[in-house]
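Quick notes on the structure that follows.
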Amino acid sequence: MVESEPAGRGSLSTPECTPSPGGQEGIAGAAGQLLPVELTTEVVTSVEGVRALAPDYDRLGRVSGNTLPFALHEWHLAWCDHFLSTGRWVEAQPLFFVLRNRSGDCVAIAPLIRRRWRAWPLNLTTVDVIGADPAITEIRGPLLEPGYERPSARALHQGLAALADWDWVHWHGIGGALAQAMNEQVAPQWYSVSDDYVLDLPSSWEEFHRGLRRNIRESLRHCYNSLGRDGHGFEFVVARVPAQIRPALERFVELHAMRARMAQGPKHPDHFASQQLREFLYDVCDRLARRDAVRVFQLRIRGEVVAARVAFVVGDGLYLYYSGFDPAWAHYSVMTTTVAEALKYAITQGLSTANLSLAAEQSKLRWGPRRVELRSGLVHRAQLRSRIASGLYRLAMSKSGLSGRLLHRLLMAGRRPWS
């Protein structure tokens, strides 16, 4: 069913229809036999329609074991409020696919955004997973009940095929059983793999510490001893309630910018340099703090916060987001101390995992996390124009050769400036 827009808002050109059967694959029953699965597909095309999906998000969060803040209802709504816009060259609208089983339970949500591009020699319409921003939404992908991967993959692409107005679908954050199901159903053209790094937490810090490699144990010993040797005690402060979050975030933004300006060490961009991105951070954290999902871990020395890391508690997992610290305290490795204290906190709270986020940085790998492979790829329509356009897009994203780099610059010139 295509949801009509609320009164007073523009409607899409897609016709209204009744829910239609989706995938006809099977899921395992109690005795191991395959049970037939019939899914209905609902397409939500307005922000108000997305807002009404809160109960479905809550159910899927529970049954899927989701631990990612980027898959939460609040994140998607805040993203739409701050980044979903229509300008001279691009028109953007939600295109959320909601799949339900025979009992009416929501078994999958694919949070997609449809964009009509008018700045090209050919007008193009693309479909992308929500979160096309400059590294703010780190992991993107559908929210799915385990066991429904094959019927959901089939139903999603059957539903997309029924909508004539798109050239390709750009999938992100696809891994595990869902990636296998998509390979079987639609054979996406995978063009990149990202690695997510996750720590499985034991029941005590002592057990966790014993399992660490010698180099990180020595590094931790140095962090704590060097502060004490120079007479610096520290406080580990956790901002958690809504009234504490905004001041803690404002200090984090300052420290994040200080780290970005450091002349020594690895280079890190200032991800929150623009007011638009800072306002998104404040807003989404305010929303998530109301469900007790935000933690701002702070290391305080002599009454001043010298290091901070934003984190989220979702389900039984901790997600460690961006960090910042005062370079004047860098030789004490205050960021390593902050992460160690955050992991102690997670273990004390009974959490099962700590997600160190994407990118294979040595500061993450030395903790010994397991790697989770996430794929990105395209599914294009059969028309010649769509095949050619998606091929050019893949070339642009690869930045391969002079033509790839030129196409990438052209593509980026048409995107939102994020400033």
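Readers should treat all values here as calculations from the given coordinates under stated rules, not as data from a laboratory. The model shown is predicted, which means the values in this text are computed figures rather than measured ones. When we count neighbours, we look across all protein chains shown, and the Cβ atoms used for this are built from the backbone with ideal geometry, even at glycine.
Neighbour counts of other C-beta atoms within 10 Å: give me His331, His232, His380 arranged from fewest to most. Don't skip to the answer; put the middle values down first.
Details: His331 8, His232 14, His380 22.
In order of increasing Cβ crowding within 10 Å: His331, His232, His380.
Since only Thr45, Thr86, His73 are under comparison, the one whose Cα sits farthest along the positive direction of the charge dipole of region 40-149, derived from C-beta charges on Lys, Arg, Asp and Glu, is Thr86.
Place a +1 charge on the Cβ of each Lys and Arg in region 111-190 and a -1 charge on the Cβ of each Asp and Glu, then give the dipole magnitude about the Cα centre in debye, rounded to the nearest 20.
Working: 7 positive and 8 negative charges, 49 e Å.
Here the size comes out at about 240 debye.
Counting other Cβ atoms within 10 Å as a rough exposure proxy, the listed residues Lys364, Lys344 run Lys344, Lys364 from fewest neighbours to most.
Taking the convex hull of the alpha carbon atoms in region 158-238, what volume per residue do you get, in Å³?
On the way: hull volume 19.5 nm³, N = 81.
Output value, Cα hull per residue: 240 Å³.
Could you give log10 I(q)/I(0) at q = 0.12, 0.13, 0.14 Å⁻¹ for region 202-351, computed by the Debye formula over C-alpha point scatterers of equal weight, without solvent? With no solvent term, the Cα-only Debye profile gives -0.52, -0.61, -0.71.
Farthest toward the positive end of the dipole of region 114-221, out of Tyr197, Trp117, Asn215, is the Cα of Trp117, where the dipole comes from beta carbon charges about the Cα centre.
Around the Cα centre of region 202-351, unit charges on the Cβ atoms of Lys, Arg, Asp and Glu (plus for the first two, minus for the last two) sum to a dipole of about 260 debye.
Within the shell defined by Cβ-Cβ distances under 9 Å, the residues around Pro327 carry a net charge of +1, with Lys and Arg each +1 and Asp and Glu each -1.
Within 10 Å of each residue's Cβ, count the other Cβ atoms and sort Leu392, Leu99, Leu199 from fewest upward. The partial results should precede the final answer.
Working: Leu392 16, Leu99 27, Leu199 21.
In increasing order of surrounding Cβ atoms, one gets Leu392, Leu199, Leu99.
Normalising by the residue count of region 202-351, find the relative contact order in percent from Cα pairs under 8 Å and 6+ residues apart. Write out the running numbers ahead of the final one.
Details: 205 pairs, mean separation 44.2, N = 150.
In percent, rounded to a whole number, it is 29.
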